[in-house]
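In what follows, a single structure is set out as C-alpha coordinates and then discussed.
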Amino acid sequence: MVVVSSGRMSVARAQETGMGHDTIPLLFADTARVGELQQADTLKRPAITDALLFKPNSRRSVLFSAVFPGLGQIYNRKYWKLPLVYGGYMGFIYAVTWNNRNYQDYSQAYFDLSKEDPDNPDSWHESWLSFVPAGREPADYLKDANFKSRLKNGRDFYRRYRDLSIILTIGWYFICMADAYVDAQLFDFDISPDLSLRIEPVISPATRHTVSLYGLSCNFSF
(Lines give C-alpha, C1' and ligand atoms only; values in the text may rest on other atoms or scores of the structure.)
Protein backbone atom coordinates (compact mmCIF):
# COMPACT_ATOMS: atom_id res chain seq x y z
CA MET A 1 0.00 0.00 0.00
CA VAL A 2 1.23 3.46 -0.89
CA VAL A 3 -0.31 6.49 0.89
CA VAL A 4 0.22 9.96 -0.46
CA SER A 5 -0.85 12.73 1.91
CA SER A 6 -1.00 16.43 1.09
CA GLY A 7 -2.64 19.14 3.32
CA ARG A 8 -6.28 18.15 3.78
CA MET A 9 -6.50 15.28 1.26
CA SER A 10 -5.12 11.75 1.38
CA VAL A 11 -5.24 9.29 -1.48
CA ALA A 12 -4.81 5.59 -0.82
CA ARG A 13 -4.16 3.07 -3.49
CA ALA A 14 -4.55 -0.62 -2.79
CA GLN A 15 -3.62 -3.48 -5.10
CA GLU A 16 -5.10 -6.91 -4.71
CA THR A 17 -3.94 -10.12 -6.40
CA GLY A 18 -5.82 -10.90 -9.61
CA MET A 19 -7.67 -7.58 -9.65
CA GLY A 20 -7.14 -4.15 -11.19
CA HIS A 21 -6.14 -0.97 -9.42
CA ASP A 22 -8.78 0.85 -7.42
CA THR A 23 -8.35 4.46 -6.41
CA ILE A 24 -10.36 5.58 -3.34
CA PRO A 25 -10.16 9.30 -2.47
CA LEU A 26 -10.53 9.92 1.24
CA LEU A 27 -11.28 13.50 2.33
CA PHE A 28 -10.57 14.54 5.90
CA ALA A 29 -11.40 17.98 7.28
CA ASP A 30 -8.70 19.88 9.06
CA THR A 31 -8.89 18.83 12.70
CA ALA A 32 -7.82 22.26 13.98
CA ARG A 33 -10.43 24.00 11.84
CA VAL A 34 -13.17 21.71 13.12
CA GLY A 35 -12.16 22.55 16.68
CA GLU A 36 -12.34 26.28 15.98
CA LEU A 37 -15.79 26.02 14.44
CA GLN A 38 -17.12 23.93 17.31
CA GLN A 39 -15.70 26.35 19.85
CA ALA A 40 -17.18 29.38 18.06
CA ASP A 41 -20.54 27.67 17.82
CA THR A 42 -20.43 26.82 21.52
CA LEU A 43 -19.66 30.41 22.45
CA LYS A 44 -22.39 31.99 20.32
CA ARG A 45 -25.20 29.56 20.98
CA PRO A 46 -25.99 30.51 24.62
CA ALA A 47 -26.23 34.23 23.79
CA ILE A 48 -28.58 33.64 20.87
CA THR A 49 -30.65 31.19 22.89
CA ASP A 50 -30.86 33.60 25.82
CA ALA A 51 -32.00 36.48 23.59
CA LEU A 52 -34.67 34.35 21.94
CA LEU A 53 -35.96 32.64 25.09
CA PHE A 54 -35.98 35.70 27.38
CA LYS A 55 -39.50 36.52 28.59
CA PRO A 56 -39.86 38.98 31.47
CA ASN A 57 -42.25 38.17 34.29
CA SER A 58 -44.85 40.93 34.65
CA ARG A 59 -45.20 40.56 38.43
CA ARG A 60 -41.47 40.66 38.95
CA SER A 61 -41.23 43.70 36.68
CA VAL A 62 -43.84 45.58 38.73
CA LEU A 63 -42.10 44.61 41.96
CA PHE A 64 -38.75 45.86 40.72
CA SER A 65 -40.32 49.12 39.55
CA ALA A 66 -42.01 49.58 42.95
CA VAL A 67 -38.79 48.97 44.88
CA PHE A 68 -36.70 51.33 42.76
CA PRO A 69 -38.02 53.54 39.92
CA GLY A 70 -36.68 52.47 36.54
CA LEU A 71 -35.58 49.02 37.70
CA GLY A 72 -38.60 47.44 36.01
CA GLN A 73 -37.62 48.99 32.68
CA ILE A 74 -34.08 47.67 33.14
CA TYR A 75 -35.45 44.21 33.88
CA ASN A 76 -37.54 44.38 30.70
CA ARG A 77 -34.40 45.43 28.78
CA LYS A 78 -36.04 48.65 27.64
CA TYR A 79 -33.08 50.84 28.48
CA TRP A 80 -34.17 53.64 26.15
CA LYS A 81 -37.05 54.43 28.55
CA LEU A 82 -34.75 55.29 31.45
CA PRO A 83 -34.20 58.94 30.35
CA LEU A 84 -37.98 59.37 30.21
CA VAL A 85 -38.51 57.81 33.63
CA TYR A 86 -35.80 59.76 35.45
CA GLY A 87 -36.44 62.92 33.45
CA GLY A 88 -40.04 62.88 34.65
CA TYR A 89 -38.98 62.37 38.24
CA MET A 90 -36.45 65.18 38.07
CA GLY A 91 -39.04 67.57 36.63
CA PHE A 92 -41.68 66.77 39.26
CA ILE A 93 -39.21 66.86 42.15
CA TYR A 94 -37.93 70.24 40.98
CA ALA A 95 -41.52 71.54 40.84
CA VAL A 96 -42.15 70.29 44.40
CA THR A 97 -39.02 71.90 45.82
CA TRP A 98 -39.48 75.20 43.96
CA ASN A 99 -43.11 75.62 44.98
CA ASN A 100 -42.38 74.55 48.54
CA ARG A 101 -39.55 77.08 48.85
CA ASN A 102 -41.80 79.91 47.69
CA TYR A 103 -44.59 78.68 49.94
CA GLN A 104 -42.26 78.78 52.95
CA ASP A 105 -41.14 82.33 52.09
CA TYR A 106 -44.67 83.70 51.71
CA SER A 107 -45.94 81.80 54.72
CA GLN A 108 -43.18 83.08 56.99
CA ALA A 109 -43.59 86.64 55.69
CA TYR A 110 -47.34 86.57 56.30
CA PHE A 111 -46.87 85.12 59.77
CA ASP A 112 -44.21 87.65 60.80
CA LEU A 113 -46.13 90.61 59.37
CA SER A 114 -49.20 89.67 61.38
CA LYS A 115 -47.39 89.98 64.72
CA GLU A 116 -45.01 92.91 64.10
CA ASP A 117 -44.88 95.79 66.56
CA PRO A 118 -45.29 99.10 64.65
CA ASP A 119 -43.50 100.98 67.42
CA ASN A 120 -40.34 98.84 67.32
CA PRO A 121 -38.89 98.88 63.75
CA ASP A 122 -35.67 97.27 64.94
CA SER A 123 -37.51 94.01 65.63
CA TRP A 124 -39.15 93.76 62.21
CA HIS A 125 -38.34 90.54 60.39
CA GLU A 126 -36.55 90.39 57.09
CA SER A 127 -39.02 87.75 55.86
CA TRP A 128 -41.65 90.34 54.88
CA LEU A 129 -39.29 93.28 54.43
CA SER A 130 -37.82 91.51 51.37
CA PHE A 131 -41.23 91.80 49.68
CA VAL A 132 -41.41 95.56 50.10
CA PRO A 133 -40.57 97.34 46.80
CA ALA A 134 -37.20 99.05 46.68
CA GLY A 135 -37.29 102.71 47.71
CA ARG A 136 -40.54 102.40 49.67
CA GLU A 137 -40.95 102.74 53.39
CA PRO A 138 -41.68 99.44 55.18
CA ALA A 139 -43.85 101.29 57.67
CA ASP A 140 -46.30 102.10 54.87
CA TYR A 141 -46.84 98.37 54.28
CA LEU A 142 -46.97 97.28 57.88
CA LYS A 143 -50.71 97.92 58.17
CA ASP A 144 -51.49 97.74 54.43
CA ALA A 145 -54.34 95.27 53.98
CA ASN A 146 -53.58 94.78 50.28
CA PHE A 147 -49.94 93.95 50.97
CA LYS A 148 -50.94 91.47 53.64
CA SER A 149 -53.51 89.97 51.28
CA ARG A 150 -50.88 89.53 48.56
CA LEU A 151 -48.68 87.62 50.97
CA LYS A 152 -51.59 85.40 51.96
CA ASN A 153 -52.58 84.77 48.33
CA GLY A 154 -48.97 83.95 47.42
CA ARG A 155 -48.79 81.50 50.30
CA ASP A 156 -51.99 79.75 49.20
CA PHE A 157 -50.94 79.75 45.54
CA TYR A 158 -47.60 78.03 46.08
CA ARG A 159 -49.04 75.63 48.62
CA ARG A 160 -51.65 74.51 46.11
CA TYR A 161 -49.11 73.93 43.36
CA ARG A 162 -46.70 72.24 45.76
CA ASP A 163 -49.41 69.76 46.69
CA LEU A 164 -50.33 69.31 43.03
CA SER A 165 -46.69 68.60 42.18
CA ILE A 166 -46.54 65.97 44.91
CA ILE A 167 -49.66 64.30 43.53
CA LEU A 168 -48.20 64.30 40.01
CA THR A 169 -44.96 62.79 41.31
CA ILE A 170 -46.90 59.95 42.95
CA GLY A 171 -48.92 59.54 39.77
CA TRP A 172 -45.73 59.29 37.71
CA TYR A 173 -44.52 56.59 40.10
CA PHE A 174 -47.59 54.45 39.38
CA ILE A 175 -47.43 55.22 35.65
CA CYS A 176 -43.89 53.84 35.52
CA MET A 177 -45.07 50.72 37.36
CA ALA A 178 -47.92 50.29 34.89
CA ASP A 179 -45.55 50.78 31.97
CA ALA A 180 -43.24 48.06 33.30
CA TYR A 181 -46.19 45.67 33.71
CA VAL A 182 -47.65 46.29 30.25
CA ASP A 183 -44.21 46.16 28.66
CA ALA A 184 -43.57 42.76 30.22
CA GLN A 185 -46.97 41.46 29.10
CA LEU A 186 -46.45 42.61 25.49
CA PHE A 187 -42.75 41.77 25.33
CA ASP A 188 -43.20 38.95 22.82
CA PHE A 189 -46.16 40.49 21.01
CA ASP A 190 -45.72 39.63 17.35
CA ILE A 191 -45.73 42.63 15.04
CA SER A 192 -45.65 41.44 11.47
CA PRO A 193 -43.50 43.39 9.01
CA ASP A 194 -46.36 43.10 6.52
CA LEU A 195 -48.58 45.48 8.47
CA SER A 196 -49.94 47.94 5.96
CA LEU A 197 -52.78 50.31 5.29
CA ARG A 198 -54.39 50.27 1.87
CA ILE A 199 -56.83 52.98 0.79
CA GLU A 200 -59.03 52.23 -2.20
CA PRO A 201 -61.92 54.06 -3.85
CA VAL A 202 -65.35 52.50 -3.40
CA ILE A 203 -68.31 52.96 -5.72
CA SER A 204 -71.72 51.74 -4.66
CA PRO A 205 -74.19 51.58 -7.57
CA ALA A 206 -77.64 53.01 -7.24
CA THR A 207 -80.52 50.70 -6.33
CA ARG A 208 -84.27 51.11 -6.01
CA HIS A 209 -83.85 52.25 -2.41
CA THR A 210 -80.47 54.02 -2.40
CA VAL A 211 -78.56 56.42 -4.56
CA SER A 212 -75.07 55.78 -5.87
CA LEU A 213 -72.33 56.39 -3.33
CA TYR A 214 -68.67 57.26 -3.73
CA GLY A 215 -66.09 56.95 -0.97
CA LEU A 216 -62.81 55.50 0.27
CA SER A 217 -62.11 52.13 1.84
CA CYS A 218 -59.33 51.69 4.41
CA ASN A 219 -58.00 48.14 4.75
CA PHE A 220 -55.50 47.00 7.37
CA SER A 221 -53.41 43.99 6.53
CA PHE A 222 -51.68 42.06 9.32
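Rolling a 1.4 angstrom probe over the protein heavy atoms, how many square angstrom per residue are accessible across the range 130-185?
On a per-residue basis, the range 130-185 sits at 64 Å².
Just how far, in whole angstrom, is the range 122-158 from the range 50-79 if you go by their alpha carbon centroids?
After rounding, the separation between the Cα centres reads 53 Å.
Just the number, please: carbon plus sulfur as a percent of the accessible area of the range 69-205, 1.4 Å probe, no ligands or DNA/RNA counted.
60 percent
Please work out how much accessible surface Tyr106 shows to a 1.4 Å probe, ignoring ligands, DNA and RNA, in Å² rounded to 10.
50 Å²
Which lysines, if any, have their Cα less than 27 Å from the Cα of Lys115, not counting same-chain residues under 8 positions apart?
Partners found: Lys143, Lys148, Lys152.
Determine the order of Arg59, Arg77, Arg136 by accessible area, beginning with the largest, at a probe radius of 1.4 Å.
So the residues, ranked largest to smallest area, are Arg59, Arg136, Arg77.
Does the range 43-181 classify as rounded, prolate or oblate by the C-alpha gyration tensor (a ≥ b ≥ c root eigenvalues; a/c under 1.5 gives rounded; else a/b over b/c gives prolate, otherwise oblate)?
It is prolate, given that a/c is not under 1.5 and a/b is the larger ratio.
For Asp117, Asp112, Asp140, give me the order by solvent-accessible area with a 1.4 Å probe, most accessible first, ignoring ligands, DNA and RNA.
Output order, biggest surface exposure first: Asp140, Asp117, Asp112.
Accessible surface of Thr210 in the full protein assembly, 1.4 angstrom probe, to the nearest 10 Å²?
We get 70 Å² for Thr210.
Would you check the accessible area of Phe174, probe 1.4 Å, heavy atoms only, in square angstrom rounded to 10?
120 Å²
Can you put Trp124, Trp98 in order of accessible area, largest first, using a 1.4 Å probe?
Output order, biggest surface exposure first: Trp98, Trp124.
Given the Cα atoms of the range 75-137, and with Rh set as the inverse mean 1/r over their pairs in the Kirkwood sense, what is Rg to Rh to two decimals?
A ratio of 1.38.
The values are calculated or read from the model by the stated rules, or taken from the named source; none is laboratory data. Everything quoted here is computed from the prediction, not taken from an experiment. Surface areas here come from the heavy atoms of the whole protein model, side chains and all, with no ligands, DNA or RNA. Shrake-Rupley method; radii C 1.70, N 1.55, O 1.52, S 1.80 Å.
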